[in-house]
Amino acid sequence: CNVMCCRECILSEHEAHNYKLPVGGLVQKQRQLVKDQIEQLWGLSRLLQERHRDLSWMIKGFDREQEACVGSLEAIQEKVKASIEERRQTALKEVDSFYAWHTQRFEKEQSTLTSMMASMRAAVDF
């Protein structure tokens, strides 16, 4: 029935008529819209779960690489420390050797000068 009527008319004189109410179609449209949105959300959920799994895997890989790098850096650090200590010891030995050589040289010169002074004093006293 396409006649516009109020609720009382529908209940009385138009009671047996078939109506195509827009409400039924509206409910179906809304149901379909919600169903489509739920399907989209499920798809996004799957994509997000995959992305989360991939990112977690990448983070674990980065953590492993970081641990390996830290180990390598610590090993290099120990080698550098050992090398510095070795060079320090070598430099100290060179300084000690230089000091001993100059001390010996100065002692010889002092001895020579003392002997020369004694000889000159003896010559002057004579």
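The values are calculated or read from the model by the stated rules, or taken from the named source; none is laboratory data. What you see is a predicted model; the values in this text were computed from it and never measured. These accessible areas exclude ligands, DNA and RNA; they are computed on the full protein's heavy atoms, side chains included. Shrake-Rupley method; radii C 1.70, N 1.55, O 1.52, S 1.80 Å.
Things to note:
- Sequentially through the range 57-68, phi angles give Karplus couplings (6.51, -1.76, 1.60; θ = phi - 60°) of 4, 5, 4, 4, x, 5, 5, 5, 5, 4, 4, 5 Hz, Gly and Pro residues having no value and appearing as x.
- Within the full protein context, the accessible area of Thr114 is estimated at about 80 Å² for a probe radius of 1.4 Å.
- Accessible area per residue (1.4 Å probe, heavy atoms of protein chains only) ranks Arg87, Arg53 as Arg87, Arg53, with the largest value leading.
- Estimated vicinal HN-Hα couplings, Hz - the range 34-46 in sequence order (Karplus 6.51, -1.76, 1.60; Gly, Pro = x): 5, 4, 4, 5, 5, 4, 5, 5, 4, x, 5, 4, 4
- Karplus 3J(HN,Hα) series, Hz, for the range 97-109 with 6.51 cos²θ - 1.76 cosθ + 1.60 (x for Gly, Pro): 5, 4, 4, 5, 4, 5, 4, 4, 4, 5, 5, 4, 5
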